[in-house]
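The values are calculated or read from the model by the stated rules, or taken from the named source; none is laboratory data. These numbers were taken from a predicted model, which means no experiment stands behind them. Counting neighbours? That spans all protein chains shown, and the Cβs are built from the backbone with ideal geometry, glycine included. Ligands, DNA and RNA are stripped out before the accessible areas are found, and what is left, the full protein with its side chains, is counted by its heavy atoms. Shrake-Rupley method; radii C 1.70, N 1.55, O 1.52, S 1.80 Å.
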Amino acid sequence: MAEVKNKQVIFKNYVEGVPKESDMYISDTATIKLKVPHEEEASPSVLVKNLYLSCDPVMRILMRKPGDETSSYFTPFAPGSPLSGYGVAKVLDSRHPDFKEGDLVWGTTKWEDFSLITTPESFHKIQHADVPLSYYTGILGMPGLTAYAGFNEVCSPKKGEYVFISAASGAVGQLVGQFAKLLGCYVVGSAGSKEKVELLKNKLKFDEAFNYKEEHDLNAALKRYFPEGIDIYFENVGGNLLDAVLLNMRVHGRIAVCGMISQYNLDRPEGVTNLMCLVYKRIHMQGFTVRDYYHLYPKYLEYILPCIREGRVVYLEDIAEGLENGPAALVGLFSGRNVGKQVVSVSH
């Protein structure tokens, strides 16, 4: 069988500080045969054509040099190799009994046109194609389950509670806010631009939203939107915002720590000074990772698919066209350039 070109986004070297497009490069030199190689036929490998790739903040952590505290939880990218991450793909050839040619799947793949997946057990077969396939990088994929599990399992929300979400227009935050509204909570989100604030209030139906860049006193801002305090904080940012939130939490409040994007590019992460609030107010603050909740994915689909089809939940996407625009899309996450879930469209 003839080989075809396999365009790739290659990770150049470990990153210090804010990632740049030049930390990656596009390679057109690789080729691939569109069949599982003979030497792989004894193993349950699949060959896929990548359709959509997900840009996720956690990918910044994977750009760090091995040896720090994250190494036991994440496997860093290898310099000179393609980036990897969540994506949506179509199976072209399979030696795995659960997958056949033509199947649509989502899971971990590489940033390239075609990928040979030697451990496809982590792939999820897409059974519902009446919604945009790109949704399986977001609302129907890892970010959606993260929002669902983090809010419902970690926060144990009740109707009427006061909920605050940072990075509220991002892949996860926009869903947490809508889930909270469906439950009957009062919801406020923070974001980094006027455009995003308007989207939160008008498109996503948050009760209130504010631009944290325009607030010189975050403690005062939170007191303005939560005069009676915060029951639930869904944490995506960290730093000064977390410090201010701690001062405004109610007794027996809950904080779900999903991420801290403000800290990922710092050599020395910022400290938090108001942790004694956890004691005074008996606050439950818990970090979590979606990998502990994949058993809930079927239950989540039962919940979210009717919400999408009936228009009760909407999802904002920012789609970059073409693998060559992947590096710019990825680094844009860390300056807030994206509006909604950042996706790279590789092939339609």
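For the reader, a short list of remarks on this structure follows.
- Tensor-based shape of the stretch 108-233 (alpha-carbon gyration tensor, a/c under 1.5 rounded, otherwise prolate or oblate): prolate
- Cα-based helix-to-principal-axis angle, 239-248 vs the chain, degrees rounded to 10: 40
- Alpha-carbon centroid distance for the pair the stretch 268-336 / the stretch 8-62, whole angstrom: 23
- Rounded to whole numbers, the Karplus 3J(HN,Hα) couplings from phi for the stretch 207-215 are 5, 8, 7, 9, 8, 5, 5, 9, 9 Hz, using 6.51 cos²θ - 1.76 cosθ + 1.60 with θ = phi - 60°, and x at Gly and Pro.
- Solvent-accessible area of the stretch 88-207 (1.4 angstrom probe, protein heavy atoms only): carbon and sulfur portion equals 49 percent.
- Crossing angle, helix 173-183 versus the chain [Cα axis fit, 0-90 degrees, rounded to tens]: 60
- Computed from backbone phi, the HN-Hα couplings of the stretch 20-35 come to 10, 4, 6, 6, 9, 8, 8, 10, 10, 8, 6, 10, 8, 8, 8, 9 Hz, rounded to whole numbers (Karplus: 6.51 cos²θ - 1.76 cosθ + 1.60, θ = phi - 60°; Gly and Pro given as x).
- DSSP bridge pairs, the chain: antiparallel proportion in percent, nearest 5: 55
- Nearest 10 degrees, 0 to 90: helix 297-309 Cα axis against the chain principal axis: 80
- Sulfur and carbon atoms: percent of accessible area, the stretch 257-331 [1.4 Å]: 55
- Cα gyration tensor category, rounded, prolate or oblate, for the stretch 260-348 with a/c compared to 1.5: oblate
- Chain lengthening between Glu39 and Tyr303 when straightened (0.36 nm per residue, less Cα-Cα): 90.8 nm
- For the stretch 331-337, the Karplus equation 6.51 cos²θ - 1.76 cosθ + 1.60, evaluated at θ = phi - 60°, returns couplings of 5, x, 4, 8, 10, x, 5 Hz by residue, with Gly and Pro reported as x.
- GNM remark for the chain: springs join alpha carbons under 10 Å apart, and the peak mean-square fluctuation among Ala320, Ala220, Ala171 falls on Ala220.
- Under 5 Å from the amide H of Ile283 lie the amide H atoms of His252, each residue being 5 or more positions distant or on a separate chain, with H modelled from the backbone and absent for Pro and chain starts.
- Tensor-based shape of the stretch 154-295 (alpha-carbon gyration tensor, a/c under 1.5 rounded, otherwise prolate or oblate): rounded
- Working note: Cα gyration tensor of the chain, eigenvalues times five, square-rooted, sorted largest first, giving semi-axes of 37, 22, 18 Å.
- Among 128-138, 106-116, 269-279, the order from most to least packed when residues are scored by Cβ within 10 Å on average: 106-116, 128-138, 269-279
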